[in-house]
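Where a number appears in this text, it was derived from the coordinates with a stated rule and is not lab data. Here the structure is a predicted model, which means the values were calculated and not measured. Reconstructed Cβ throughout: ideal geometry from the backbone, glycine too, with neighbour counts over all protein chains shown.
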Amino acid sequence: MRYTERGVKSWCVPNLGSVTESTCTITSLNTWSSGVFWCESGSGEYSNAVNITVNDGDVILESPVHPVTEGDSLTLSCTFRYQETNPNPKANFYKDGVLIKNETTGEMTIPT
């Protein structure tokens, strides 16, 4: 979605949902809703871009919704769409295709 002094140029309506003031509300997510999103002020300044991925799989890796600053710790969570059929939150975490940790809690914290 893009806001300019000449008005709203929005991909939000009708493709994703509705626009109220400066908010695009996505009402029905699909995998094709995934993409890189950012906003632009009326004076032409841009926000940081965020990559939003809509997952239709049974296992979802949750990461922070905000940028991570060097030196901060980071917690990743592995959640299951159908928690009642898989009550054991055990998860294996990989980085660049290499197993880095087995966790019985379903969460992994990367320390500072």
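With the simple model of a label 7 Å out from the Cα in the direction of the Cβ, Ile100 to Thr31 spans 2.6 nm. Basic side chains Lys and Arg get +1 at the Cβ, acidic Asp and Glu get -1 at the Cβ, and with that the dipole of region 59-110 about its Cα centre reaches some 200 debye.
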